[in-house]
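A.B. asks: The structure's right below; bear with me while I get my questions together.
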Amino acid sequence: METPAAVAPASASSPITIHYRSTSVLPRLALLNMKRHLHETAAFSLVEVTLAMGIAAFCLITVFALLPVTLKTQQAGIQQTTANTICSQIVADLSADMRLPPGQMSKQFNLHGHWAAQGTPDILYFAKDGTFIPNSTNQSTAPPDSVFRATVTYLQPPVETTSLADITVSWPAQVDPLAGGVPVGKVETFAAINR
């Protein structure tokens, strides 16, 4: 690198000239610093890159293999939650049914009033979101849009102060557990309702 030594005075007829004096040590040091030697270069070898890619691929395959299991678990959890909600609705309806005059049916699910004399179970059908399918009580076949089947079995003889029922919600609705079918899942609740 060179540094300016002197500047000639400017005149109208002569251009400005700059004279440089040479410094030999600085350009060589700068040049040595800019050179990269092969043994000083930092990089990964092909073996290291291959091993890293293999480990990353193994981890990704493991994560992708867990996705179907996770989705099935989530779906089962949603169905169980919906089935528990259906059980709660039926218990509430049976509690309200106990206050009806003789001969009347419940307003929500058309369950039999005064179920002490009722020996056969009531079967109800529900949609995917847990809503009751109107006019589906005790149908012989499941409606096409039904997902859940609720079976309300009245236990006899009821105690004087308490009526008992076994409520089973199973899915899919097309499988009848009373006929020996095996449902994918089910939730069972025992209800004791005070008179």
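The values are calculated or read from the model by the stated rules, or taken from the named source; none is laboratory data. In this text the structure is predicted, and so the values were computed from the model without any measurement. Neighbour counts run over all protein chains shown; Cβ positions are idealised from the backbone, glycine included.
A.B. asks: Which residue, of Thr50, Thr41, is surrounded by fewer than 10 Cβ atoms within 10 Å (Cβ to Cβ) and either modelled with pLDDT under 95 or more than 31 Å from the chain's Cα centre (by Cα) (or both)?
C.D. replies: Working: Thr50 fails: surrounded by fewer than 10 Cβ atoms within 10 Å (Cβ to Cβ).
The unique qualifying residue is Thr41.
A.B. asks: In the range 12-20, is there at least one residue being outside the structural domain of Pro172 (by TED's automatic domain parsing) and modelled with pLDDT of 90 or more? Explain how you work it out, then say what you get.
C.D. replies: Within the range 12-20, the first condition is being outside the structural domain of Pro172 (by TED's automatic domain parsing), and the residues that meet it are 12-20.
Restricting the remaining residues to those that are modelled with pLDDT of 90 or more gives none.
No, every residue in the range 12-20 fails to be outside the structural domain of Pro172 (by TED's automatic domain parsing) and modelled with pLDDT of 90 or more.
A.B. asks: Now, a different point. Could you say whether any residue in the range 176-184 is surrounded by fewer than 17 Cβ atoms within 10 Å (Cβ to Cβ), assigned by TED's automatic domain parsing to the domain that holds Asp129 and of a type in the set (D, E, K, R)? It would help to see each step written out before you state the result.
C.D. replies: Just the residues of the range 176-184 that are surrounded by fewer than 17 Cβ atoms within 10 Å (Cβ to Cβ), to begin with: 176-182, 184.
Then keep just the ones that are assigned by TED's automatic domain parsing to the domain that holds Asp129; that gives 176-182, 184.
Those left that are additionally of a type in the set (D, E, K, R): 176.
Within the range 176-184, one or more residues are surrounded by fewer than 17 Cβ atoms within 10 Å (Cβ to Cβ), assigned by TED's automatic domain parsing to the domain that holds Asp129 and of a type in the set (D, E, K, R).
A.B. asks: So is Ser146 of a type in the set (Ser, Thr, Tyr) and surrounded by 18 or more Cβ atoms within 10 Å (Cβ to Cβ) or not? Give the steps one after another, and end with the answer.
C.D. replies: Numbers: of a type in the set (Ser, Thr, Tyr): yes; surrounded by 18 or more Cβ atoms within 10 Å (Cβ to Cβ): yes.
Criteria met by Ser146.
A.B. asks: Which one of the conditions (1) more than 20 Å from Thr151 (Cβ to Cβ); (2) modelled with pLDDT under 80 does Met98 fail to meet, given that it meets all the rest?
C.D. replies: Met98 satisfies every listed condition except (1).
A.B. asks: Further question on the same structure: Within the set of pairs 6+ apart or on separate chains, which have a first residue in the range 124-141 that is under 13 Å from Leu111 (Cβ atoms), a second that is of a type in the set (Ser, Thr, Tyr), and C-beta atoms under 9 Å apart?
C.D. replies: Leu124/Ser136; Leu124/Thr137; Leu124/Thr151; Phe132/Tyr125; Ser136/Tyr125; Ser136/Ser146; Thr137/Tyr125; Asn138/Thr120
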